[in-house]
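Student: I'd like to ask some things about the structure below.
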Amino acid sequence: MRVNGMVARWRPPRAGFYKINYSAVNEVGERRVGIGIVIGNDSGIVMASCFQVIEANFDGQVAGTMAVFRGILFSQDYSLEPYVIESDKVRVVDRILNVNSLDTKCGTILVEIADMMALHNGMDIKAIPKMANRLAQGLANHPLKIMGDAI
């Protein structure tokens, strides 16, 4: 599929890096958010993935910010560093790149994400077309159909 003249598909990160793709889905009318995280290596092999349900009434931006935070922690737990992060949530990416600690919704988390990303040279986050993030989206939707978390 093409989006704005570009082929919308997942691409591996540059050599020596891992790529964190994530997605967050709000369940309409419920206080539940599904998060899906996929970490791939520079050969395109999935090294780790997980999904989780968060019992909360987050809006899309807060849910996406929490998913980035969880993705970084997941990457650190399994020593899958250094990493780059990809998201189909442009507003979340913009908020992380332009950290404002006074952000009333999640300023503290944004600052924490920026601090964690600053630990290694070359760590980055960028927005990608939604079609290039299908695996993480599927993982984010899955836990809303079941109860509990999976790694």
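Student: With θ set to phi - 60°, apply the Karplus curve 6.51 cos²θ - 1.76 cosθ + 1.60 along the stretch 89-96 and write out the HN-Hα couplings as whole Hz, x wherever there is a Gly or Pro.
Tutor: 9, 4, 5, 5, 4, 4, 5, 6
Student: Count the lysine pairs in the chain whose Cα atoms lie under 25 Å apart, taking only pairs 8 or more positions apart in sequence or on different chains.
Tutor: Close lysine pairs under the 25 Å cut-off: 10.
Student: Let me ask you something else. Kindly work out what percent of the DSSP beta bridges joining two residues of the stretch 33-151 are antiparallel, to the nearest 5. List each step's numbers first, then the result.
Tutor: On the way: 9 of 13 bridges.
Roughly 70 percent of the DSSP beta bridges within the stretch 33-151 come out antiparallel.
Student: Among ALA56, ALA15, ALA24, which one moves the most in a GNM of the chain with springs linking Cα atoms closer than 10 Å?
Tutor: Most flexible of the set in this elastic network: ALA15.
Student: What FRET efficiency comes out for GLU55 versus VAL111 if R0 is 25 angstrom and r is the Cβ-Cβ distance? Round to the nearest 0.05. Write out the running numbers ahead of the final one.
Tutor: On the way: r = 24 Å, r/R0 = 0.98.
The formula returns an efficiency of 0.55 here.
Student: So what are the ³J(HN,Hα) numbers for the stretch 75-85, from phi and the Karplus equation (6.51, -1.76, 1.60; θ = phi - 60°), rounded to whole Hz, Gly and Pro as x?
Tutor: Whole-Hz 3J(HN,Hα) from phi for the stretch 75-85: 4, 5, 4, 9, 6, 9, 9, x, 9, 10, 10.
Student: Let me ask you something else. Quick one: in the chain, what % of C-alpha pairs are over 24 Å apart?
Tutor: So the pairs more than 24 Å apart make up 28 percent of the total in the chain.
Student: Ranked highest first by the average count of other Cβ atoms within 10 Å around their residues, in what order do 28-34, 106-112, 84-90, 42-48 fall?
Tutor: 84-90, 106-112, 28-34, 42-48
Student: Further, regarding this structure: Treat the count of other C-beta atoms within 10 Å as a stand-in for reagent exposure and order ARG95, ARG11, ARG70 from fewest to most.
Tutor: Fewest-to-most Cβ neighbours within 10 Å comes out as ARG11, ARG70, ARG95.
Student: Below 11 angstrom from the Cβ of GLU55, what's the summed charge of the other residues (Lys, Arg +1; Asp, Glu -1)?
Tutor: Neighbourhood net charge equals 0.
Only the coordinates and a few stated rules stand behind these numbers; no lab work does. In this text the structure is predicted, and so the values were computed from the model without any measurement. Neighbour counts are summed over all protein chains in view; Cβ atoms, including those assigned to glycine, are modelled from backbone coordinates with ideal geometry.
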